[in-house]
Amino acid sequence: MSAAHAPAGRRAGGLAQGLLARLGPVVLAVLLWQWAALAAGSPFFPPPGRIAGRVAELWFSEPLLTERFWQDAGPSVLRALTGWLAGAALGVVVGLAAGLWKAAAGYVDPPVNFLRSLPKPAIVPVFLLVFGSGDLMRIGLITFGCVWPVLLNTMQGVRSVDPMYLETARAFHIPPRTQLLRVVIPAALPKIFAGMRVTLSLSLILMVLSEWLLADHGLGHFLITAQRTFEILDVWAAIVLLGLLGYLLNVLFLAAERRVLRSRPS
Amino acid sequence: MTALQVSNLSKSYGEGNPALHNLSFEVREGELLSIVGPSGCGKTTLLKCVAGLVPATRGEVRVHGEEVSGVPEGLAVVFQDYGRSLFPWMKVGQNVEFPLETLRLPKAERQERVERSLAAVGLEGKHERYPWQLSGGMQQRVAIARALAYRPKVLLMDEPFASVDAQTRSGLEDLTRRVHLEFGMTILFVTHDIDESVYLADRLVVLRRSPGSVLAELVIELPRVRDQIVTKSLPAFVRQRSVVAQHIKDAS
Amino acid sequence: MTALQVSNLSKSYGEGNPALHNLSFEVREGELLSIVGPSGCGKTTLLKCVAGLVPATRGEVRVHGEEVSGVPEGLAVVFQDYGRSLFPWMKVGQNVEFPLETLRLPKAERQERVERSLAAVGLEGKHERYPWQLSGGMQQRVAIARALAYRPKVLLMDEPFASVDAQTRSGLEDLTRRVHLEFGMTILFVTHDIDESVYLADRLVVLRRSPGSVLAELVIELPRVRDQIVTKSLPAFVRQRSVVAQHIKDAS
Amino acid sequence: AGPISITISNPANVSNVPLHLAMDKGFFAAEGLTVKADVDLGSGSTVEAVVGGQVDMAWANVVSGLSAYSKGLGVKLVALTDTAVTGSQQVLVGKGSRARTLADLKGQKLAVLSPSTICILNVRSALKAQGLPADTIAFTPVAPPEHANVLESGEVAATCTSDPFRTLMIDQLGARSVFDTSSGELEGYAVGGYLVSDKYAAANGRALAGFQRALLKATAYANAHPDEVKAALPKFTTIEAAVANKVIVNKYLETADVATLRPQVQRIADAMRTYGLAENPIDVSGYFLTSP
Amino acid sequence: MNAPVTTTGVRAEPRRPGVRRRTSPRGALAAFLRGTAGAALLTLAFEVFARLELVDPRLLPPAGVILGEALRLLVDPAFLVEVWATLVAVLGGVALAAAIAVPLGVLIGSYRLAALGLTPIIDSLRSVPGIAIIPLLVLVMGQGVSMKVTIVAFVAVWPLLFNTVYGVRGVDPVAMETARAFRVPVHRTWWRVVLPSALPLVLTGLRLALATGLTVGIAAEIAVGTRDGVGYFILRASYAGFHADTVFAAVTLAGVLGYLMNGITVALTNRLVVWDGKGPS
Ligand SMILES: Nc1ncnc2c1ncn2[C@@H]1O[C@H](COP(=O)(O)OP(=O)(O)OP(=O)(O)O)[C@@H](O)[C@H]1O
Ligand SMILES: Nc1ncnc2c1ncn2[C@@H]1O[C@H](COP(=O)(O)OP(=O)(O)OP(=O)(O)O)[C@@H](O)[C@H]1O
Ligand SMILES: [Mg+2]
Ligand SMILES: [Mg+2]
């Protein structure tokens, strides 16, 4: 019987065990993959060893990162992060408003739910025609995609704040603004983070999509070129790079989250 | 002077679920009124109506002559559900200090009030703990310290000592009397401990079982300054104690 | 026969934050042991160690001779933090019935136990309410009803009557004595009410302030079957009551 | 055994009209074949479907097919369908553009169908002829329906577009051609053809021979009846009849003779090497389906 | 004790109509009107922008034209068949995603080791864009409905997973201790304690998953050129050339479809989650 929580603070079994737990499954997965790829022998499924070699060759040789890395991934990641930040900020603000002020939710809900259900590739032309060419349109698209999860989670988080917290705050005449900053937001924070974390990877995906549909550089461009010219190894290399970037961003995000939420009971 | 006036107050939670029925009483400025009554008779509901946290279904509440709509100024509450009224993301010190920030007190004074009120409830040196690192009784005392540090004109306390041991409880009772007298604080004190209700009160209201309404009201005739041993052995105390006990028996 | 044996139990929450220190005592089968001690001395911690909910730092706990690692079988707990130990998504009846499902009792028997235990705590007819629609005292009684319906061999109760009015409290105290005698239930009862601790106990342990350890242990010499008025006026009761009071004074 | 069935993934374009004529006219049935044509709208994943065995055969443009072949995916060319004529594919600029020639697009972006399109070869070859470096113009792959949008928004300076979008953009948006891809070095280039996987080729030699014969009959018929070609277009493509009438019809190839086709293909393979779409020289000798 | 909060300093209206207080017909009408007002504003903004004719109206038709075309599509059986095809793929994909994500989320949320071990894999996997793996999926599955379901599941799994994990981690420790104290078996604890407690967040995840699944399902139809679905309809209209009105009408209806799916999920949530915002979460 131990459906217990992951006790954040407890250093169960120490560092070694943690490291094993962290790396074990990854190593296992890669080994399985290598074995399956070798067994299948399909040109579309190169073994991870070769992919890793290609990734290193393309982006991680020279001193540390190749010039190509900055060419392919640099602008892409920048776009993704900018769009993510803008989307998260917008999502939190609108989500707070809609969570706190039911009437606002009434006005906002239908258009929001309509907008977020629009298929992204199909609305790229609209973004293109409205925002014109250039990064504005791409960042706009990423922002547009990132807003919704954060918005929804924020709203949900705000609506399920323990009413006792609010009653306490009211009983002590905490002004609305302070209530918002010191009570509502901290109480909703775990849920806001959940939304932001979902969105972080989404921003990478949307970045690829925006570059996929039209770009002359960046990871999306690299990917579509590789794919259309049957550079299968490059396709996989790009997928792995995206996975690495996603993992890295998530590690950074989790570290930040842990700092912010460290005071919570385990 | 009337600090608090409750007139014909009724409250029901939805159809056919009345909690309070036609309740009227008043509390004079600087008076300590105990409210006793059986579990579920509506004491917490009454307190929340007075605090303006819950709208009355009928009737009205006036604090210092003004009808309560929002939470009246200069009023503080110690909630029965202390476990959930402390903010888990704030340390103990921050929890106590938080309402003071709104009062725009200088940092030094805030600090001092936090120190003093935490010390008053026997929690000196626990500033840096989080509420969930404290025992139940300690959490409840943090909630009390928070209200005391706020120095309200009117203080509502909902079974504030329920989770505290006898020894500490006596100390807190005396503390309550002391701030009541010292600062002329008007206090509405909900409890189900008969001894406590009599020991603390200037006046006492017994509520009848649901939907709650006033069953009896009595003025406690005890000296203003009280002592746990001396006062509790006064014949007046013993007599009034048993009167209240009898009322409560009738109430349930 | 020993139902419960605590030997050299120590528990600390991280470095330099000891809650219990070298605690030893035992409870015989079918005995009711009261535990009293100042707020924050480690009573809740002790109960959680006995229940196997929290691992001891040192020492061991044996229930019916077996060392506790997980939660021992046939054991139930009434938590101090009743407000959070009831599941808000279950109605009152469901909350009480929930642990019974694990016992694989037939539906009819489950229903009957739910009925009877809710009635025993004075909450008949509240099945369909949600916990958050009840007053604090009522919630606490739901938690008690849940433990009673479970019919454990060993029952741990952490200040179970703290939020209940005097009248109901007396009733619940008598109920506790009754199930204790009727079912031969072993009960570990944490309270900070001295009268209650003496009135209920077969034996009594006083804990010393942090880190908690046993300050005194005394056998309560009162008849097995007790009565609120008769028993509490027995000279033995009055005497033992003041002995405990003195101990507690020493403890804090 | 009953008739052999072949599933073909084919884009909805002019090149595939003979396939559909052959189906309609019963040419395949006469060879004992049941052909099922899966019309594909611009997915770019048809070669994967062939290699993975999800479909038996797919039409691909020559560059794309050669690219798959050269990367060792194990594909074989069953037949080439058509060669380009003037107007098949053009580089278009917007109404307001002042560009007159490719050279005027220097330092700007050109939208192309895909990163492996013959247009890139054509443009680079033309640039080379004018003594300009290959990277004078940057290429951006854009799906054809978006060509009008990217041109209008200013994202690109020009688009390399084929019918029906070429006709529509010229007629309705006032776009203007500055370059015809069927000119210069690669004039009359082969547009595309049908691919199968090596495995499929090895197992179905007889059926594929039958396919080639039936298709030849259909290409001959198509060349002889241009009106029927235009009439067939709206039936399996999304092109409307009015537009179909203005569409430029390529010249369909009436031969399956490897010796004749091979130089056609090799020419493009060499150009791919020259103009940066292939890293190594491509030897096309293993590319053709050898008769059983 | 915790009475329904009706007025907060920060909250102007009852927080949650919930189940006990059913939305009155009048309230529903008001909500509908508010929603319509919001939608009208959006439409108007688009209309004005289009009417400025900064962009050729054949590429970006005004809202009025799009809406007219949308109304026509709404009764066009040929279009409705495509809607059905998309719906089947999206619901299938989200169901598959939920079947994977919820148990996995409970596992990861409950056990630190599972979280440690699986996080790197998950974080890497979910940063892989669905479109990048489409060619690989086509290779294995072709261009039919199973491929669509897979790609929808691939993207819908993450919001469900993360919301479940955060939901499970947010279960009140006292509630967990209570279940343990009564020796409630693990599976029953998950079922009766962890899941209900996490349910509000899981349902939020479901809403996100449905929306994401719908957009990606349609995107896949566009990108893969599958043989049916709204995306296919859009693709066909765009390949026909200069039918921006039909394209945007179909896109609009896709949005409406998403709006409806969301509405149904919200109604479901309100029915299932009576207690949310009533007590410790
Ligand atoms: N989760 C925790 N983390 C850190 N310290 C804790 C934690 N829980 C309890 N403590 C500390 O352990 C000590 C004993 O707490 P415990 O809850 O056992 O006291 P108690 O005797 O039950 O008090 P009360 O009568 O007030 O409920 C206290 O000093 C408390 O601050
Ligand atoms: N949020 C609510 N929804 C519905 N009914 C409620 C709600 N809160 C309280 N009640 C009901 O109102 C009545 C009075 O409750 P209240 O909490 O005021 O009692 P109380 O006197 O404080 O009791 P206790 O001493 O047990 O705390 C009870 O019957 C309770 O069930
Ligand atoms: Mg109460
Ligand atoms: Mg305790």
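Each reported figure results from applying straightforward, stated rules to the coordinates on display, with no laboratory input. What you see is a predicted model; the values in this text were computed from it and never measured. Note that each Cβ is placed from the backbone with ideal geometry, even for glycine, and that neighbours are counted across all protein chains shown.
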Rounded, prolate or oblate (a/c below 1.5 giving rounded, otherwise prolate when a/b exceeds b/c) for the protein assembly as shown by Cα gyration tensor: prolate
Let's test the formula: R0 of 30 Å, r as the Cβ-Cβ distance of C:SER24 and B:LEU175. What FRET efficiency results, to the nearest 0.05? 0.25
Mind checking the full-extension length gain between E:LEU74 and E:LEU52? Use 0.36 nm per residue of separation minus the Cα-Cα distance, one decimal, nm. 5.1 nm
Please list, in order, the residues from segment D:22-55 whose amide nitrogen is less than 14 Å from a point placed 7 Å along the Cα→Cβ vector of D:SER5. D:33-38, D:55
Separation in nanometres of the label points that stand 7 Å from Cα toward Cβ, at A:LEU254 and C:LEU234: 6.1
Under 10 Å, Cα contacts only: if you run a Gaussian network model on chain D, which one of D:HIS20, D:HIS147, D:HIS225 comes out with the highest mean-square fluctuation? D:HIS225
Looks like chain E, by Cα gyration tensor root eigenvalues a ≥ b ≥ c and the a/c under 1.5 rounded cutoff (else prolate when a/b is bigger than b/c, oblate otherwise), is oblate
For the pair C:GLU66 and A:VAL26, what calculated FRET efficiency results from E = 1/(1 + (r/R0)^6), where r is the Cβ-Cβ distance and R0 = 51 Å, to the nearest 0.05? 0.80
GNM result for chain A, Cα springs below 10 Å: residue of A:LEU241, A:LEU19, A:LEU151 fluctuating most strongly: A:LEU19
Given H placed 1.01 Å from N in the peptide plane, which residues other than close sequence neighbours of B:GLY30 have an amide H under 5 Å from its amide H? B:THR186
Between A:PHE69 and D:ASP198, how many nm apart are label points set 7 Å from Cα along the C-beta direction? 3.6
Residues listed by number, segment B:55-73, amide nitrogen under 20 Å from B:ARG104 label point at 7 Å toward C-beta: B:71-73
Quick one: A:MET137, E:MET141, D:MET169, fewest Cβ neighbours within 10 Å first, how do they rank? E:MET141, A:MET137, D:MET169
Per-residue mean of C-beta atoms belonging to partner chains within 10 Å, peptide C:165-174: 5
Please report D:LEU92, A:LEU204 as a ranked list, fewest other C-beta atoms within 10 angstrom at the top and most at the bottom. D:LEU92, A:LEU204
Short to long, in 10 Å steps from zero, the percent of alpha-carbon pairs of chain B per bin is 7, 31, 36, 21, 4, 0
Magnitude of the Cβ-charge dipole (Lys and Arg +1, Asp and Glu -1) of the protein assembly as shown about the Cα centre, nearest 20 debye, reported as 2080
Where the centre of each part is set by its Cα atoms, how far does segment D:114-152 sit from segment D:208-279, in angstrom? 22
With Cα atoms, 0 to 90° folded angle of helix D:205-224 axis to chain D main axis: 50
Taking the Cβ of B:VAL244 as the center, what net charge do the other residues with Cβ under 15 Å away carry, scoring Lys and Arg +1 and Asp and Glu -1? 0
In whole Å, what is the distance between the alpha-carbon centres of segment A:33-75 and segment B:14-43? 74
What is the sum of charges, Lys and Arg at +1 and Asp and Glu at -1, for the other residues whose Cβ falls under 11 Å from the Cβ of E:GLU82? -1
The FRET efficiency for C:GLU73 and C:VAL243, from their Cβ-Cβ distance with R0 = 35 Å and rounded to 0.05, is 0.45
Taking every other residue with Cβ under 13 Å from the Cβ of A:ILE224 and scoring Lys and Arg +1, Asp and Glu -1, one gets -4
Stretched fully, the stretch from E:VAL266 through E:VAL81 gains (0.36 nm per residue minus C-alpha distance, one decimal, in nm) 64.0 nm
Spatial separation of Cα centroids for segment D:51-80 and segment A:166-211, in angstrom: 51
Amide proton proximity set for B:SER10, modelled H, under 5 Å, gap of 5+: B:ASN22, B:LEU23, B:THR57, B:ARG58, B:GLY59
Cut-off under 16 Å on the C-alpha distance; same-chain residues fewer than 8 positions from D:LYS76 excluded. Which aspartates and glutamates are left, in chain and number order? D:GLU48, D:ASP56, D:ASP198, D:ASP257, D:ASP283
If the cut-off is a Cα-Cα distance under 24 Å, which lysines reach C:LYS232, setting aside same-chain residues fewer than 8 apart in sequence? B:LYS232, B:LYS249, C:LYS249
Out of the trypsin sites (Lys or Arg not before Pro) in segment B:86-148, which ones are loop residues according to DSSP with at most 13 other C-beta atoms within 10 Å? B:ARG104
Counting each DSSP H run of 4 or more residues in chain B as -39500 (n - 2.57), what helix-only mean residue ellipticity at 222 nm follows after dividing by all residues, to the nearest 500 deg cm²/dmol? -11500 deg cm²/dmol
Once you average over the residues of D:31-39, how many Cβ atoms of partner chains fall within 10 Å of each Cβ? 1
For the residue pair B:SER7 and C:ASP250, what label-to-label distance in nm results when each label sits 7 Å from Cα along the Cα-to-beta-carbon direction? 5.9
Classify segment D:168-283 as rounded, prolate or oblate from the Cα gyration tensor: take a ≥ b ≥ c as the square roots of its eigenvalues, call it rounded if a/c is under 1.5, otherwise prolate when a/b beats b/c and oblate if not. oblate
Among D:ALA134, D:ALA30, D:ALA99, whose mean-square fluctuation peaks in a Gaussian network model of chain D (Cα, cutoff 10 Å)? D:ALA30
Could you give each residue of segment B:50-59 its phi-based ³J(HN,Hα) in whole Hz, using Karplus coefficients 6.51, -1.76, 1.60 with θ = phi - 60°, and x for Gly or Pro? 5, 6, x, 8, 10, x, 6, 7, 9, x
Per residue of E:198-210, count partner chain C-beta atoms within 10 Å of its C-beta, then hand back the mean as an integer. 4
